[in-house]
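Here, each number is a calculation from the coordinates, and none is a lab measurement. In this text the structure is predicted, and so the values were computed from the model without any measurement. Note that we place each Cβ from the backbone using ideal geometry, even for glycine, and neighbour counts take in every protein chain shown.
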Amino acid sequence: MREDRTSGRGRDIVVILTLLGLALFASPFTDWWARASFPWYFPFVLWGLLIALVAVTQILGHGFED
Amino acid sequence: MKIELWQLFFTVVAYLGALFLVAYAAERGWIARRLLEHPLVYVLSLGVYATSWTYYGSVGLAAKSGYTFLTIYLGVTLTFIMAPILLNPILRLVREYQLTSLADLFAFRFRSPVTGFLVTMFMLIGILPYISLQIQAVVESIKVLTGDMRTGILAPAYCVTLTIFAILFGARHITPREKHEGLVAAIAFESAVKLVALLAVGAFAVFGIFGGLGEMQHWLQANPEALDKLYRPVATGPWLTLLLLAFCAAFLLPRQFHMIFVENLNSGALRHAAWMFPLFLLLLNLPIVPVLWAGRSLQLEMSPDFYVLGITLNEENGLWLLTFIGGVSASSAMMIVTSLALASMALNHIILPMRFIGGSVGNDLYRWILWGKRALIAVIVAGGYGFFHVIDNNEGLVHLGLISFVAAAQLLPGVLALLFWRRANSNGFIAGLLGGALVWFGVLIMPLLVNSDILTRDVDLTALFRQGDSSIWTVATFWSLAANTFLLVMVSLVTRSSDEEREAAEACSERGLTPLRGQVTDGSPKQFEKQLSRIIGPAAAEHEVGRALEELQLERGEQRPAELRLLRDRIERNLSGMLGPVLARMIVDNRLQLRERTHTALADSIRFMEERLKDSHSRMRGVVVELDNLRRYHREVLYELPLGVCALGPNDEIIIWNLAMQVISGIDERSAVGKSVSSLPEPWRGFLVDFLQSPDTHRYKQTLETDELQRSINLHKAEIGMPEIGQQAETGGQVIIVEDRSELETLETSLAHSERLASIGRIAAGVAHEIGNPLTGITSIAQNLRHETDSDGVRQNADDVLKQTDRINDIVRTLLTFSHAERIGSEPRNETILRHSIDEAVQLVSLSDAAKQIEWRVECDVELAVEGDHQRLVQVFVNLLNNACDASQPGDPISVVCSRDMLHVTIRVIDKGCGIPETLHERIFEPFFTTKSVGSGTGLGLPLVHGIVHDHNGDITVKSSSRGTEFVIRLPAPSPQSARSSAFNSPAGDPKSARHTTSARDGV
């Protein structure tokens, strides 16, 4: 079976997604949405969006390259 | 509703039994391998991360700390987003070096048995709280369902049941190294059950308890503090700390490491897991908040940890059973996988090293490993039970889990150093781990022990570190990781790494391309077996050597030093998969020793570099890629060169043996490269060695007799400087160029022969023309003399003159036919029936007196045809049959036999005459060469035959002995598409054909 390799561009995308994740859930932005009286499911929506973004990059072949 | 204890016990046993069936079906191949390797199955198997903590404890944590519970899964999401740069390199190492646990990984990198031992001990102690959490969760859930507060035999019975199933899942086979497809299938199934159960409970909470999403919203509006309690702790609680702990736990918990890396059946599945696993966790956590609110709305009088069970308890729809099974699923999966992973670590890094130090394990290593693992699984589960029994935990399920999370996080600095910092060494890692473990123990474990009255002194180390209202988790995590990292860095900087550590650091960093060094002292795989059998037993030694030979595609008789070095390396890796890297290295270093400071053969280094560069190509960047492409291009040019290239190292070991060299010599590259030129088979050994040892730099037209033919070869030789490979400089190599001239010589000979025939043809035409005129005059005068005289004597003389002029006429016609035949080769041909040509030739030859007494035998199919000229073919047969007649005695047989295969028609003219001496075979086709006395033959018959046969794109050969001669003519068979032409010619008896036939009966 082929192992996945990560190109330079792939690494860039991984870093960007990680930073986005940290921005959403480990930054002052987190404090903001925690205080902003959003509906109860709001964190799940954010989480779902992050997952969707990762899925799209993986399906398009970035991040992991054969 | 009254639920009995025995009902729940049997439910547990039945469910675990069903799980076992799933595992068994997978191992027996009843479940398609394709399905087992599907990324969804892999992702579900990673769901072992969600234990009773998730199933029960998340609701409790949500009740206490709001959305803080999400950090445990958001941290995992971040880990898997970083999978390409964090998890994939670890997967590569695990697969390449057959590492089976966290302890293996660190022991491999830091080349220290102490490292493996410490990691194992720390994990064993650190994970015990987590195991006890699972036991507590199941026991408490049973109490909730039955209403019976007595635990009694519950916990031990559950532990014993789980031990049996853990052994069945992961320690059933005699060779415990293979991946456990059954385990993966079972864990994936459990995760699916968990997910379905939680989603069902969540749906029940929303639609069953509240009556729909709208109703739940109404309840929320009526209880606004519920939403506030969810969000407030995000900003005020240990959000970041828990995120970090979950990030570490996602791959550093033993069960996670085991399922992500060790039991990975499909390396490509990791990229799918990057988003599918976080999605699984999201779905798993979606019901938590509705369940919490449902429990609140029902005002359940129980710990929020068990709201999941509590809200379904009074329902008759049986949902409580599904919920209970989901809880058992979550707990059992964790305990089974964790006990397997920890047992493997303990076996490789504690038990086996002690056993091997004491001596060999006897004759059956595999059985020893299997039973050792089974015993350790039981000990570990018992340890978890002991922790559960002794420790009084009233902090909730999550508290115990977080203690284990902080323990697992102590491996983070080591992992990052392993992947990204080559300077880190075992001293630094050990110091860091001990420092972090000490803080962990003091801040988290000691209060537990004090709380349980195990320690009487009330020492609260947290007071030393805490500032303000910082959470215990923040304190413990920060100070333990700080101590760990500080000691790792400082001690690594002030101490030196060993050569082995540096080598391992290269291997871990993806940039290592160091060739394998040294030569093995043992000279054959058989000797390897003998050496290894002294430690691991003869059966295991034979199996391991055999396996490594098969993987490397080597033979049992292998003796090349480089291949033996590779075999040693492969055996070490395979043993590492079973015994751990430290033990494997110990055994191999002890039993398959290397010669100290040996000169690594340049051929071996170059081959090794070539292999590694080929494997590493996709990992190269920038100018390195360009250089590697250039290297490949030059390699390809050298390999495909139409001249044979043989490059030799300083010790005459063959480094390069290109494609042309393989074709010329018939020796393939695999049999040549790496060996000394003196070990080549004859005649090449003598041929090349002689040239190498001579002062000549060129040798031309050297004859070499091989099995199949005689070759004519030019040799060229040059000295070359050797490259510096792996810090080892070499001097003095040579390259030999081998040029096969055989085909060229054949063409030259053929050309010379053709030119000679052509010039003879021209001479013959000129002579015939000059002789013709005076000959006509002599004939006329002789005829007139005969008619004008009455004297018998004069008439007789005239007859004699006419007879001689007839002879001269024959010779002149032969010369003209010969020169004419050389010029008409390109005329179009038709399909000619061979039988007709042969019959006509026999008829003509039979006209002579000598031929009348010959027994003619013609075996030729009347439909056998060739593409050719009938008349010229008749000339061929007439000449051959005449020669046969001349060589035969009266009454001897002369045979003409024709046959056909796919491509050729073969005609054999066989006589039983006196034969042709072998020394003359090469000359009989030369013009004017004859063995007959002067005046008896012109020597042009066979050259004429040769020329006509060649014009027909055929060939003629002769075999002769004292018992007779056989001429074999081979002509191309006519193609199926060629139509029989309207100029189809020469039925037998055509007078025109008889007139145009010339017999060179005075040939040889």
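Per-structure values
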| quantity | calculated |
| --- | --- |
| Isolated Cys in chain B, by beta carbon distance under 4.7 Å | B:Cys159, B:Cys248, B:Cys508, B:Cys646, B:Cys885, B:Cys914 |
| Signed unit charges on C-beta, dipole axis of chain B, positive-most listed residue B:Ile90, B:Pro943, B:Ser329 | B:Ser329 |
| Beta bridges per DSSP with both ends in the protein assembly as shown, % antiparallel, nearest 5 | 90 percent |
| Furthest towards positive pole of dipole, B:Asn629, B:Ile713, B:Ala764, structure part the protein assembly as shown, Cβ charges | B:Asn629 |
| Links that overshoot a 29 Å alpha carbon limit, given the list B:Lys701/B:Lys912; B:Lys530/B:Lys675; B:Lys803/B:Lys932; B:Lys526/B:Lys717; B:Lys803/B:Lys912 | B:Lys701/B:Lys912; B:Lys526/B:Lys717; B:Lys803/B:Lys912 |
| Kirkwood hydrodynamic radius of chain B, Cα pairs, Å | 36.8 Å |
| Anisotropy class of the range B:245-285 from Cα gyration tensor, a/c 1.5 cut | oblate |
| Chain B - mean residue ellipticity at 222 nm from DSSP helices (-39,500 (n - 2.57) per run, n ≥ 4, rounded to 500) | -19500 deg cm²/dmol |
| Anisotropy class of the range B:236-367 from Cα gyration tensor, a/c 1.5 cut | prolate |
| Distance between the range B:171-245 and the range B:662-689 - C-alpha centres, whole angstrom | 68 Å |
| Only Lys, Arg (+1) and Asp, Glu (-1) charged, at Cβ; the protein assembly as shown dipole about Cα centre in debye | 3180 debye |
| Per-residue average of Cβ from other chains inside 10 Å of B:274-286 | 4 |
| Relative intensity, log₁₀ I(q)/I(0), of the protein assembly as shown from a Debye sum that treats every alpha carbon as a point, q = 0.09 Å⁻¹ | -1.02 |
| Per-residue mean of C-beta atoms belonging to partner chains within 10 Å, peptide A:34-42 | 5 |
| Partner chain coverage, peptide B:72-84 - average Cβ within 10 angstrom | 6 |
| Prolate/oblate/rounded call for the range A:6-62, Cα gyration tensor, a/c under 1.5 rounded | oblate |
